[in-house]
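A short write-up of the structure that comes next.
The values are calculated or read from the model by the stated rules, or taken from the named source; none is laboratory data. Note that the coordinates shown come from a computational prediction; the quantities given were computed from them, not determined experimentally. Positions of Cβ are backbone-derived with ideal geometry, glycine not excepted, and every protein chain shown enters the neighbour counts.
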Amino acid sequence: MVHEPRSNHALAERATAVFTPNYRPAELVIDRGEGCHVFDVEGRRYLDLISGIAVSALGHGHPRLVEAIAQQAGRVMHTSNLYLNEASIRLAERLVSGSLDRVYFCNSGAEANESAIKLARRHAWSRGDQDRVGIVSFTGSFHGRTFAALTATAQPKYHEGFHPLPAGFSYLEYGDTAALEAGVTTGTAAVIVEPIQGEGGVRVPPPGFLAAVRARCDEVGALLIFDEVQTGIGRTGTLYAHQHDGVVPDIMSLAKGIGGGLPLGAILARHEVAAALVPGTHATTYGGNPVACAAGAVVLDALQAPGFLEQVRAVGAQLAEGLRATGAFAEVRGRGLLIGAELGPEQPFDATAVVAEARSRGVLCHIAGARVLRLAPPLILGPDEAAEGLAALTVAVQAVQARGATS
Ligand SMILES: *Cc1c(COP(=O)(O)O)cnc(C)c1O
């Protein structure tokens, strides 16, 4: 049998013929990965500065991660929640802290937020507070694509064509402390907020905003949910982004980086809150999957190794500084290895043009809204790789600028 040589183009055409058209993938078929690099089916090598959108925290093919996954897969791959498995117990023991001491495992960010929102309502209901159903979120947020998470996502473009949405959701301006008093009331079950907005443009809230949300929640008896799906698990240079502000939530959602590339989500909650999830109230078949949880333990091990988070902060600062030095961006923001670079208004092109140009020069990155270039590399990115990426990105930006100037 004769095999045709695999090409990005041929596979992309086959993909178009079989997949729903909801994604807009680049014509790039990733074949394998190694550390902070991936290779396409034609053997071309790319520096990965996006890690599957903040997922592949330890890069690709990390030996300890591969080993742990293979071992657990060989032992048992699925148990369901009819029974227990040790891998999920071990990971939960690692995740709990004094303030958030109960864990519910699920499979994705949307599912984690869906669970957090259900828990918040059920918590109010089980205390006899039946009118406390409101869920407050913020403009520019992104919480996922299932119905409650989608409704909490305060960006109209994601809602279009999906009405009617679940009731009880309302929206406030991200960063607007003055709006909290009227917008968060005794009818509010929970406020859900990203400590740094990821999809919404890598927006860091003004100092004191998260503390003000916490204070208002406490005043009216509402729960505070931090959506750390993108910002958690070391991404911003601390284990969780909310640690930069010293504000503790009642519930926190996690996903993306926590499984090191395997689908894994979780919520953490205080036990008084978690108590509302009595048997039968909520469930998911794959929750606490032992293979995903074994992977999660390796990710946490790596993060907690001495010097790891220091390097995340240092390399993040190096990338941000290098992007500023290009002079193409009005603002470079974020924390650790979650970086958004907003194009200045004078630039006659969008961030997608830079992403495409960078890709053609062997660097993978992404956008966060039309004008913002986003970097979220593997957390293991070293200073030399960061320098390699910056050199390519600088040339890419210059090439797009040069084209813009001649067209
Ligand atoms: C990606 C993301 C989600 C959704 O996660 P999925 O795994 O795609 O469902 C939710 N919240 C935030 C902050 C995210 O970045």
**OP:** Go through the residues of region 361-371 one by one and say whether even a single one is closer than 27 Å to L65 by Cβ and either at pLDDT below 95 or assigned to a helix (DSSP H, G or I) (or both).
**Re:** no
Original post:
Is it true that A295 is in a loop (DSSP other than H, G, I, E, B) and of a type in the set (A, V, I, L, M, F, W, C)?
Top reply: no
**OP:** Return the only residue of R121, R127 being under 24 Å from Q197 (Cβ atoms), over 21 Å from the mean Cα position of the chain (by Cα) and either within 16 Å of the ligand (Cβ to nearest atom) or among the basic types (K, R) (or both).
**Re:** R121
Original post:
Here is a list of conditions, (1) of a type in the set (A, V, I, L, M); (2) closer than 30 Å to R121 by Cβ; (3) without any contact (Cβ under 8 Å) to a residue 60 or more places away in the chain, and A317 meets all of them except one; can you say which number that is?
Top reply: (2)
Original post:
Restricting attention to region 223-234, which residues are more than 9 Å from the ligand (Cβ to nearest atom) and assigned to a strand (DSSP E or B)?
Top reply: L223, L224, I225, F226
Subject >> Selection within region 203-222 - more than 16 Å from the ligand (Cβ to nearest atom), more than 16 Å from I135 (Cβ to Cβ) and in a loop (DSSP other than H, G, I, E, B) >> reply: P206, P207, G208
Original post:
What are the residues in region 349-378 that are in contact (Cβ under 8 Å) with a residue 24 or more places away in the chain and in contact with a Ser or Thr (Cβ under 8 Å, 6 or more places away or on another chain), if any?
Top reply: A376, P377, P378
**OP:** Working carefully through the options T394, T352, find the one that is under 23 Å from G200 (Cβ atoms) and among the hydroxyl-bearing types (S, T, Y).
**Re:** T352
Original post:
Looking only at helices (runs of 4 or more DSSP H) that fall completely inside region 50-113, which ones have 1 or more residues that are within 16 Å of the ligand (Cβ to nearest atom), in contact with a Gly (Cβ under 8 Å, 6 or more places away or on another chain) and within 30 Å of A190 (Cα to Cα)?
Top reply: 51-54
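Tell me, which helices (runs of 4 or more DSSP H) wholly within region 131-202 include 1 or more residues that are surrounded by 19 or more Cβ atoms within 10 Å (Cβ to Cβ) and under 23 Å from the mean Cα position of the chain (by Cα)? Write out each step before concluding.
Values: elements: 147-152, 156-159, 180-183.
So the answer is 147-152.
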Original post:
What are the pairs, 6+ residues apart or on separate chains, where a residue within region 227-242 that is without any contact (Cβ under 8 Å) to a residue 60 or more places away in the chain has its Cβ under 8 Å from a residue that is within 13 Å of the ligand (Cβ to nearest atom) and among the acidic types (D, E)?
Top reply: E228/E194; Y240/E228; H242/E228
Subject >> Within region 248-273, considering residues that are more than 14 Å from S97 (Cβ to Cβ) and in a loop (DSSP other than H, G, I, E, B), the one farthest from the ligand (Cβ to nearest atom) >> reply: G261
Original post:
Would you pick out the residues in region 372-407 that are part of a helix (DSSP H, G or I), surrounded by 16 or more Cβ atoms within 10 Å (Cβ to Cβ) and of a type outside the set (A, V, I, L, M, F, W, C)?
Top reply: E385, E388, G389, T394, Q401
**OP:** Name the single residue, out of those in region 315-365 being at positive phi and more than 22 Å from the chain's Cα centre (by Cα), that is surrounded by the most Cβ atoms within 10 Å (Cβ to Cβ).
**Re:** G362
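Here's the yes/no breakdown for (1) surrounded by fewer than 19 Cβ atoms within 10 Å (Cβ to Cβ); (2) in contact with an Asp or Glu (Cβ under 9 Å, 6 or more places away or on another chain); (3) over 20 Å from L119 (Cα atoms):
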| site | (1), (2), (3) |
| --- | --- |
| A211 | yes, yes, yes |
| A215 | yes, no, yes |
| V220 | yes, no, no |
| G234 | no, no, yes |
| H242 | no, yes, yes |
| G257 | no, no, yes |
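For the structure I just gave you, tell me whether G59 is touching a Ser or Thr at 6+ places or on another chain (Cβ under 8 Å) and on the phi > 0 side of the Ramachandran plot.
Criteria met by G59.
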Original post:
Hey, does region 34-45 have a residue that's assigned to a loop (DSSP other than H, G, I, E, B), touching a strand residue (DSSP E or B) at 6+ places or on another chain (Cβ under 9 Å) and touching a residue at least 60 places away in the same chain (Cβ under 8 Å)?
Top reply: yes
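Conditions tested, residue by residue: (1) within 19 Å of P263 (Cβ to Cβ); (2) among the acidic types (D, E); (3) modelled with pLDDT of 95 or more.
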position	(1), (2), (3)
F39	no, no, yes
L47	no, no, yes
I50	yes, no, yes
A54	yes, no, yes
I69	yes, no, yes
H78	yes, no, yes
E86	no, yes, yes
V96	no, no, yes
Subject >> Pairs with Cβ under 8 Å, 6+ apart, first in region 176-192 and on the phi < 0 side of the Ramachandran plot, second in a strand (DSSP E or B) and acidic (D, E) >> reply: I192/D227
